[in-house]
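The values are calculated or read from the model by the stated rules, or taken from the named source; none is laboratory data. Here the structure is a predicted model, which means the values were calculated and not measured. Glycine gets a Cβ as well: all are built from the backbone with ideal geometry, and neighbour counts include every protein chain shown.
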Amino acid sequence: MMNRLNDLNAPPRPIREQAGVMLLEALIAILVFSLGILSLVALQATSIKLVGDAKYRTDATLLANRLIGQMWVSGGDLATLQTNFQTGGGAYNAWLAEVQGAEGLPGVVAAATGVTSTLPTVTVDTTAGATAGQVVITLFWRTPEMPANEAGHRHVVVSQVARNP
């Protein structure tokens, strides 16, 4: 019993099994911190990509709305709208130059060998009935990192351009 009391009052002896525990804890803390920083970098890269995609969608919407505005102010009947604004028409070709220009969408090209066409399409419905004057504008684009043989992104705008009788 006396021996035990002496052991309790004796100064603690360093235990060899605990040597280096602080270094191990520091290394684990650095590992956890590094994983957190890497996660933030990955999150930042993803957000930059999504912001770029949102910009292209916004540009596509603005270009489609610009063409619809031109249709409204043209003052023509449905047959004239179809002739001028449908794919291949005169006003379409002028608008296509804007779409392919510096302020337009990236990767808008005609079909070629090994390249999928990304030219926008415009259709004007001239049939009588509820769909008369319905305009469908489909825009395509490829982001700079996309391969040329991939169709890419698509944005469809449907609008009704019709005059009251």
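Annotations for the structure displayed:
- Checked against the criteria, V99 counts as within 18 Å of T61 (Cα to Cα) and either touching a Leu at 6+ places or on another chain (Cβ under 9 Å) or in a loop (DSSP other than H, G, I, E, B) (or both).
- Across segment 55-91, the number of residues qualifying as closer than 16 Å to W141 by Cβ, in contact with a strand residue (DSSP E or B) (Cβ under 8 Å, 6 or more places away or on another chain) and of a type in the set (A, V, I, L, M, F, W, C) comes to 4.
- V124 being in contact (Cβ under 8 Å) with a residue 60 or more places away in the chain and over 19 Å from the mean Cα position of the chain (by Cα): no
- Considering residues of segment 108-151 that are closer than 20 Å to G52 by Cα and of a type in the set (D, E) only, the residue surrounded by the most Cβ atoms within 10 Å (Cβ to Cβ): E150
- Here the condition is being modelled with pLDDT of 85 or more and more than 29 Å from the chain's Cα centre (by Cα); of Q100, Q82, Q86, Q70, it holds for Q82 alone.
- Taking the criterion of being of a type in the set (D, E, K, R), touching a residue at least 12 places away in the same chain (Cβ under 8 Å) and either touching a Phe, Trp or Tyr at 6+ places or on another chain (Cβ under 8 Å) or exposed (fewer than 14 other Cβ atoms within 10 Å of the Cβ) (or both), the only residue of segment 40-63 that qualifies is D53.
- Any chance L67 is part of a helix (DSSP H, G or I), surrounded by fewer than 12 Cβ atoms within 10 Å (Cβ to Cβ) and either on the phi < 0 side of the Ramachandran plot or among the acidic types (D, E) (or both): no
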